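The structure appears below as C-alpha cells.
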Amino acid sequence: MPADRLGQPRADPATAVRDAPAADIDGPTLYRILALRVDVFIVEQKCIYSELDGRDLEPSARLVWAERAGEVLATLRLLFDDDGTARIGRVATAASARGNGLAARLMERALQLAGDRSVVLNAQSYLTDWYARFGFERAGEEFLDDGIPHIPMRRAAGPLD
C-alpha cells in the first residue's frame, strides 16, 4: 500500500466511506456491518456479550463504514447521548484490511458528523495514542471490559482542527 508524505498508509480511493442510520441501510449491507462486528469482537477477541444492544436503532445513531465492491472492510458506530455528547464505539476493521488507514477515515467522518459536540469513547488501552491523533485525551482510569483493558477518552467540544 502506498504511503502519504508522513509515511502513513494511503487508503485505496476505490474504498468508499459511507454513513447512514441503520433504518436507511439496505439489508445485505447492514448484515455485513453487523457480521464484521461479530467477527472482530466476539470471534477474534473472544468477548461473549450481546453485540446487538438496540442502540444501532436509535433514530440519531449513525453507522459509518468503509466498503469496496460491496465488501464491508471497517465500521464504527456514532451515538448521541441524552446530555448532547457524541459517543464513538464498535470501531472494527476486518483483519484483511488493517493497516490501510480505513479506521482513520471512519474516525474523521464520525468527528465531522459529531460537529462541535464533545465526543467520548472507551479505547482499548493499546490504542490510546492512536485516538490521541484525533484530539482525544484520557478521561478516567483504566477498566476491564470483557477482560480487555480500556481507557475512557474525551475530545473536547469545538470545531474540527
How about region 17-75: which of its residues are in a loop (DSSP other than H, G, I, E, B), modelled with pLDDT of 95 or more and of a type in the set (A, V, I, L, M)?
Ile25, Ala61
Only one of these is of a type outside the set (Ser, Thr, Tyr) and modelled with pLDDT of 95 or more: Ala3, Ala86. Name it.
Ala86
From the options Gly27, Gly89, residue that is over 17 Å from the mean Cα position of the chain (by Cα) and either over 22 Å from Leu144 (Cβ atoms) or surrounded by 11 or more Cβ atoms within 10 Å (Cβ to Cβ) (or both):
Gly27
Can you give me the number of residues within region 128-161 that are in contact with a Cys (Cβ under 7 Å, 6 or more places away or on another chain) and at pLDDT 95 or above?
0
Determine the pairs where a residue that is in contact (Cβ under 8 Å) with a residue 60 or more places away in the chain and at positive phi, located within region 82-109, has a partner that is small (Gly, Ala, Ser) and assigned to a loop (DSSP other than H, G, I, E, B) with Cβ atoms under 8 Å apart, the partner being 6 or more residues away or on another chain.
Gly101/Ala11
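Quick check on this structure: which one of Glu137, Glu142, Glu67 is without any contact (Cβ under 8 Å) to a residue 24 or more places away in the chain, over 21 Å from Gln45 (Cα atoms), touching a strand residue (DSSP E or B) at 6+ places or on another chain (Cβ under 8 Å) and acidic (Asp, Glu)?
Of the residues listed, the single one that is without any contact (Cβ under 8 Å) to a residue 24 or more places away in the chain, over 21 Å from Gln45 (Cα atoms), touching a strand residue (DSSP E or B) at 6+ places or on another chain (Cβ under 8 Å) and acidic (Asp, Glu) is Glu137.
The values are calculated or read from the model by the stated rules, or taken from the named source; none is laboratory data. All values reported here derive from a predicted model rather than from experimental measurement. Every residue, glycine among them, receives a Cβ derived from its backbone with ideal geometry; neighbour counts consider all protein chains shown.
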